[in-house]
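S.K.: Take a look at this one; I'll ask things after.
A short reminder: the numbers here are calculations on the coordinates, not readings from a lab. Given the structure is predicted, the values throughout are model-derived calculations rather than measurements. As a convention, Cβ positions derive from the backbone with ideal geometry for all residues, glycine included, and neighbour counts pool all protein chains shown.
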Amino acid sequence: MNKDLLFDFTADKAAQKVYITREFDAELSLVWDAYTQQELLDQWWAPEPFKSRTKRMEFKVGGQRVFAMVSPEGQEGWLVQTYTSISPKTNFKFLNAFADENENPQLPGSEWDISFSEANGITTVNITIYNESLERMERMIEMGFKQGFTASIENLAKLLKSRS
Amino acid sequence: MKQDIFQAIADPTRRSILTLIAVQALTPNAMAEKFDMSRQAVSKHIKVLQECDLIRPEHSGREIYYHFNPKKMQEFDVWLDQFRKNWETQFKQLDKVLSNLKNNKK
């Protein structure tokens, strides 16, 4: 595998945005499929050892992907993504919200904007995540922790204990 | 219960206080004046910020000046770094998925 694939991650706390850029050694249509098809998404969307489990997904404007991040112990963290804009093989946007198991979203959530472009067989994906409030941004990041690797950070373990 | 940094900086007033004292250490009276708040309200915010170590008191004569503790804010960067690592993991998983898809096509 090509080791020179770009990975860029920056956060603008003032703008409440996180920017992520990543290159993939594959043609655009495959990368697009991996982002927009339920069976493929579930193979990679959750960082190990967590699993992504999609309950239902309808990839169209106004449609939703309802899925759970499942811990090795079987704990589920539910999310609802509502697609707000789709330009096939170029860009799509969705609203991402934490939810309970009955699909009740906790609004306003975060706005995701994902763009795709291809050059010389390498596909570049640009992700922008906007959070309406700093609190949500932090919550999202905190959720990121819950989805793995917390053991090594003592403070974090404490934090999670107080939250769960 | 000890406060955590999320709860502390989720509040807009407390964020403003932090922004202000990051520039200059202030007494509770000065904070109350700047934010047009009661001393009581200021004390509550100070308590939260101090409990999670975002600010530190320093006595100067009869006054207490509160200083910003930048080290604590670095925790946020640690969290952010963790979020980045999660993405790294996810993208590596996606690399595998794409590699499988390519092989299946051949």
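S.K.: Just in segment A:52-101: which GluC sites (Glu not before Pro) are loop by DSSP and have at most 13 other Cβ atoms within 10 Å?
M.R.: Details: sites: A:GLU58, A:GLU73, A:GLU76, A:GLU101; in loops: A:GLU58, A:GLU73, A:GLU101.
Here the GluC sites (Glu not before Pro) that fit, given the DSSP loop and packing criteria, are A:GLU58, A:GLU73, A:GLU101.
S.K.: If you don't mind, there's one more thing I want to ask. With a cap of 14 neighbouring Cβ atoms within 10 Å, and only residues DSSP puts in a loop, list the trypsin sites (Lys or Arg not before Pro) found in segment B:28-105.
M.R.: Values: sites: B:LYS34, B:ARG39, B:LYS44, B:LYS47, B:ARG62, B:LYS71, B:LYS72, B:ARG84, B:LYS85, B:LYS92, B:LYS96, B:LYS102, B:LYS105; in loops: B:ARG62.
Taking segment B:28-105 and a limit of 14 other Cβ atoms within 10 Å, the loop trypsin sites (Lys or Arg not before Pro) found are B:ARG62.
S.K.: Further question on the same structure: Quick one: compute a quarter of the convex hull surface over the Cα atoms of chain B and quote it in nm².
M.R.: Values: hull surface 37.9 nm².
Quarter of the Cα hull surface area: 9.5 nm².
S.K.: When only alpha-carbon atoms count, how far does segment A:63-117 stretch along each of its three principal axes, as whole angstroms with the largest first?
M.R.: Largest first, segment A:63-117 extends 38, 24, 16 Å along its Cα principal axes.
S.K.: How would you rank B:HIS45, B:HIS67, B:HIS59, going from fewest to most other Cβ atoms within 10 Å of each one's own Cβ? Don't jump to the answer; show the numbers that get you there.
M.R.: Values: B:HIS45 21, B:HIS67 14, B:HIS59 8.
Least crowded to most crowded, the residues run B:HIS59, B:HIS67, B:HIS45.
S.K.: Report the trypsin sites (Lys or Arg not before Pro) located in segment A:1-101 that are in a DSSP loop and have at most 12 other Cβ atoms inside 10 Å of their Cβ, or state none. Working shown, then result.
M.R.: Values: sites: A:LYS3, A:LYS13, A:LYS17, A:ARG22, A:LYS51, A:ARG53, A:LYS55, A:ARG56, A:LYS60, A:ARG65, A:LYS89, A:LYS93; in loops: A:LYS3, A:LYS13, A:LYS60, A:LYS89.
Counting only loop positions with at most 12 other Cβ atoms within 10 Å, the trypsin sites (Lys or Arg not before Pro) in segment A:1-101 are A:LYS3, A:LYS60.
S.K.: Using 1/(1 + (r/R0)^6) with R0 = 30 angstrom and r between the beta carbons of A:GLU58 and A:LEU5, what's the FRET efficiency to the nearest 0.05? Intermediate results must be reported in sequence, preceding the final value.
M.R.: On the way: r = 31 Å, r/R0 = 1.04.
Working from the Cβ atoms, E equals 0.45.
S.K.: Assign one of three labels to segment A:1-53, namely rounded, prolate or oblate, based on the Cα gyration tensor with a ≥ b ≥ c the square roots of its eigenvalues; rounded applies when a/c is under 1.5, prolate when it is not and a/b is larger than b/c, and oblate otherwise. Intermediate values should be presented prior to the final figure.
M.R.: On the way: a/c = 1.85, a/b = 1.28, b/c = 1.45.
Cα axes put segment A:1-53 in the oblate bin.
S.K.: Taking a label point 7 Å from the Cα of A:GLU27 along the Cα→Cβ vector, which residues of segment B:79-106 have an amide N closer than 11 Å to it?
M.R.: Residues B:102, B:105-106 qualify, since their backbone N sits under 11 Å from the label point.
S.K.: For B:VAL78, A:VAL125, what's the fewest-to-most ordering of other Cβ within 10 Å of each Cβ? Before the final figure, lay out each step's value.
M.R.: Details: B:VAL78 12, A:VAL125 20.
Ranked by crowding around the Cβ, least crowded first: B:VAL78, A:VAL125.
S.K.: For each pair in A:LYS93/B:LYS102; A:LYS51/B:LYS92; A:LYS55/A:LYS93; A:LYS55/B:LYS85; A:LYS51/B:LYS106; A:LYS17/B:LYS72, compute the distance between the two Cα atoms and list the pairs where it is over 23 Å. Walk me through the numbers before you get to the answer.
M.R.: Working: A:LYS93/B:LYS102 26 Å; A:LYS51/B:LYS92 14 Å; A:LYS55/A:LYS93 20 Å; A:LYS55/B:LYS85 26 Å; A:LYS51/B:LYS106 28 Å; A:LYS17/B:LYS72 21 Å.
Violating the 23 Å limit, Cα to Cα: A:LYS93/B:LYS102; A:LYS55/B:LYS85; A:LYS51/B:LYS106.
S.K.: Checking a compactness column here: for segment B:32-75, what do you get for Rg(Cα) / (2.2 N^0.38 Å), N being the number of residues? Walk me through the numbers before you get to the answer.
M.R.: Working: Rg = 11.4 Å, N = 44, 2.2 N^0.38 = 9.3 Å.
Rg over 2.2 N^0.38 Å, computed on Cα atoms: 1.23.
S.K.: Tell me whether segment A:1-107 comes out rounded, prolate or oblate; compute the Cα gyration tensor, take square roots of the eigenvalues as a ≥ b ≥ c, and use a/c under 1.5 as the rounded threshold. Can you show the working numbers first?
M.R.: Values: a/c = 1.36, a/b = 1.31, b/c = 1.04.
Cα axes put segment A:1-107 in the rounded bin.
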